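The values are calculated or read from the model by the stated rules, or taken from the named source; none is laboratory data. None of the values given here were measured: they were computed from a predicted structure. Here the Cβ is made from the backbone with ideal geometry for all residues, glycine too, and neighbour counts use every protein chain on show.
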Amino acid sequence: MASERLRLLRRVEYDWMVGQGFFETEKVELLDGVIVEMSPQGTRHAATVQRLNPLFVLALRGRAAVRVQSPFVASDISEPEPDIALVPPGDYDASHPSQAFLLVEVAESSINRDRRVKTRVYAAAGVPEYWLVDVASGTIEIRTQPTAGGYSQVRIARSGESIRLQAFPDVEIAVSDVVR
């Protein structure tokens with residue numbers, strides 16, 4: 001019996017399907033060539049994203065575009081939708097951004113996927129900094145120095161601490177302003 005091979009979906013095919021309305025009633029993203037259902041957002045998740053957005057917008061006006069729950073081109077087979085993406089300013093009408101200064105995922109029920117799959121996808125895309133906001137523990141995991149399989153540096157920030165953005169060291173975010 002021959003082993004079965006899966007044929008992964010390419011990002012351009014996924015984008016075509018999205019454009020045709022295939023997923024109008026679903027929240028999905030493309031990860032490693034597979035269409036993955038996104039976890040529903042609880043109130044703590046949504047409130048955390050709501051707190052993060054103005055912190056970044058006010059601090060980075062004119063230096064970075066802040067995208068909320070929008071597609072990011074990570075590779076030919078991955079187009080995740082991070083909760084927050086700090087990307088170079090620009091016109092993204094024709095295509096989604098493929099570079100980012102920082103990507104942020106807020107995790108309630110998706111923490112295992114965000115730690116394993118998204119960490120690898122974002123690092124392979126060369127994203128220099130990735131934050132995983134763990135609302136259950138009230139911490140922010142800061143990942144820097146991307147490698148092929150993940151990030152070589154991981155630091156956990158807790159309430160009472162602040163985080164300086166790697167790309168914008170003048171910007172400091174207090175953990176207590178993000179998680180409660």
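Starting from the range 26-48, take each residue that is closer than 22 Å to Val73 by Cα and list its partners that are of a type in the set (Ser, Thr, Tyr) and at pLDDT 95 or above, counting only C-beta distances under 8 angstrom and pairs at least six apart or across chains.
What qualifies is Leu30/Tyr14; Leu30/Ser78; Leu31/Ser78; Asp32/Ser78; Gly33/Ser78; Ile35/Tyr14.
For Pro40, indicate whether it is surrounded by 15 or more Cβ atoms within 10 Å (Cβ to Cβ) and not basic (Lys, Arg).
Spelling it out, it is not the case that Pro40 is surrounded by 15 or more Cβ atoms within 10 Å (Cβ to Cβ) and not basic (Lys, Arg).
Residues to consider are Ala124, Ala59; find the one that is within 23 Å of Ser152 (Cβ to Cβ), modelled with pLDDT of 95 or more, surrounded by fewer than 18 Cβ atoms within 10 Å (Cβ to Cβ) and over 12 Å from the mean Cα position of the chain (by Cα).
Going through Ala124, Ala59 in turn, the sole match is Ala124.
Just to be sure, is Phe101 in contact with a Phe, Trp or Tyr (Cβ under 9 Å, 6 or more places away or on another chain) and either exposed (fewer than 14 other Cβ atoms within 10 Å of the Cβ) or touching a residue at least 60 places away in the same chain (Cβ under 8 Å) (or both)?
Values: in contact with a Phe, Trp or Tyr (Cβ under 9 Å, 6 or more places away or on another chain): yes; either exposed (fewer than 14 other Cβ atoms within 10 Å of the Cβ) or touching a residue at least 60 places away in the same chain (Cβ under 8 Å) (or both): yes.
In short, yes.
Please go through (1) surrounded by fewer than 19 Cβ atoms within 10 Å (Cβ to Cβ); (2) closer than 25 Å to Val18 by Cα; (3) touching a residue at least 12 places away in the same chain (Cβ under 8 Å); (4) not polar (S, T, N, Q) for Asp93 and return the number of the only condition it doesn't satisfy.
That leaves (3) as the condition not met.
Any idea which of (1) over 22 Å from Arg164 (Cβ atoms); (2) more than 13 Å from the chain's Cα centre (by Cα); (3) at pLDDT 95 or above is the one Thr48 doesn't satisfy?
(1)
Filter the range 146-180 for residues that are touching a Phe, Trp or Tyr at 6+ places or on another chain (Cβ under 9 Å) and either aromatic (Phe, Trp, Tyr) or free of Cβ contacts under 8 Å to residues at least 12 places away in the same chain (or both); which is surrounded by the fewest Cβ atoms within 10 Å (Cβ to Cβ)?
That would be Phe168.
Within the group Arg5, Arg113, Arg10, which residue is farther than 29 Å from Phe168 by Cβ, basic (Lys, Arg) and modelled with pLDDT under 95? Please lay out each step first, then the result.
Details: Arg113 fails: farther than 29 Å from Phe168 by Cβ; Arg10 fails: modelled with pLDDT under 95.
One residue alone meets the criteria, Arg5.
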